[in-house]
1. Please arrange Thr124, Thr174, Thr138 by accessible surface area, largest first, computed with a 1.4 Å probe and ligands excluded.
2. Based on the mean of other Cβ atoms within 10 Å per residue, sort peptides 104-112, 66-74 so the most packed one is first.
3. Once the Cβ-Cβ distance between Ala150 and Lys92 is put in as r, and R0 is 22 Å, what FRET efficiency do you end up with, to the nearest 0.05?
4. Listed highest first by mean packing, meaning other Cβ atoms within 10 Å per residue, what order do 114-123, 89-98 come in?
5. In the range 138-172, which trypsin sites (Lys or Arg not before Pro) are in a loop and have at most 16 other Cβ atoms within 10 Å, using DSSP for the loop call?
6. Just the number please: accessible area per residue for the range 93-185, 1.4 Å probe, all protein chains included, in Å².
7. First compute the accessible area of the range 88-154 with a 1.4 Å probe, then give the percent of it belonging to carbon and sulfur atoms.
Amino acid sequence: QRDPQRRGRRGAEPIKVTQSIWDASAVATASRGKLRFMPFFEGVDLSKLAVLRTLEGHSKSVTSVAVFPDGRRVVSASGDNTLKVWDLETGKCVATLEGHSGEVKCVAVSPDGRRVVSASQDNTLKVWDVATGKCVATLEGHSGEVKCVAVSPDGRRVVSGSEDETLKVWDVETGKCVATLEGHS
């Protein structure tokens, strides 16, 4: 049975726990195209959490958020087929990344903060140059919606998970799939 206090708050669950935002931990929540950041640390009284900042700009639900290594920017993915890069200090959208033909399901940031990788319902991943806002590679090979993505600590590999029940490992430099891992069903 649904919690009566949650009525009318569909999609307000935390979608990502992040660290190093303003030198503190924070929880990011998303609902109806808005991102909210709240401080979170061990022992915090959850009933007294306050919103640090609300970022508005997507026209559909926010599906994923990732923090840049500098802790000053975040990138959000959305059902509106776009990604947005946000300056956390000003709360302004500094770039909108467009190119997917389906909902963007997940986003990750490279360790150096120069690239963003997005996973989409259109069965592709895209690698974006943050400085220019341009897509520098489209990674194709999944036969189903790509649900999640992660970047290796050295930034040279990307791992994606798909509804096609596979994980794929990609070489960022060449854009080629270097391994397909099967076994999920």
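The values are calculated or read from the model by the stated rules, or taken from the named source; none is laboratory data. Predicted, not measured: the structure shown is a model, and the values here were computed from it. In this analysis, Cβ positions are derived from the backbone assuming ideal geometry, glycine residues included, and neighbour counts consider all displayed protein chains. What goes into the accessible areas is simple: the full protein's heavy atoms, side chains included, and nothing from ligands, DNA or RNA. Shrake-Rupley method; radii C 1.70, N 1.55, O 1.52, S 1.80 Å.
1. Details: Thr124 15, Thr174 85, Thr138 60 Å².
Output order, biggest surface exposure first: Thr174, Thr138, Thr124.
2. Details: 104-112: 21.4, 66-74: 18.4.
With the highest mean Cβ count within 10 Å placed first, the list reads 104-112, 66-74.
3. On the way: r = 28 Å, r/R0 = 1.25.
The calculated FRET efficiency here is 0.20.
4. Details: 114-123: 23.0, 89-98: 13.8.
The peptides rank, most packed first, as 114-123, 89-98.
5. Working: sites: Lys147, Arg156, Arg157, Lys168; in loops: Arg156.
Those that pass, being in a loop and sparsely packed, are Arg156.
6. Working: 4710 Å² over 93 residues.
Per residue, the range 93-185 has an accessible area of 51 Å².
7. Values: 1410 of 3130 Å².
In the range 88-154, the share of accessible area belonging to carbon and sulfur is 45 percent.
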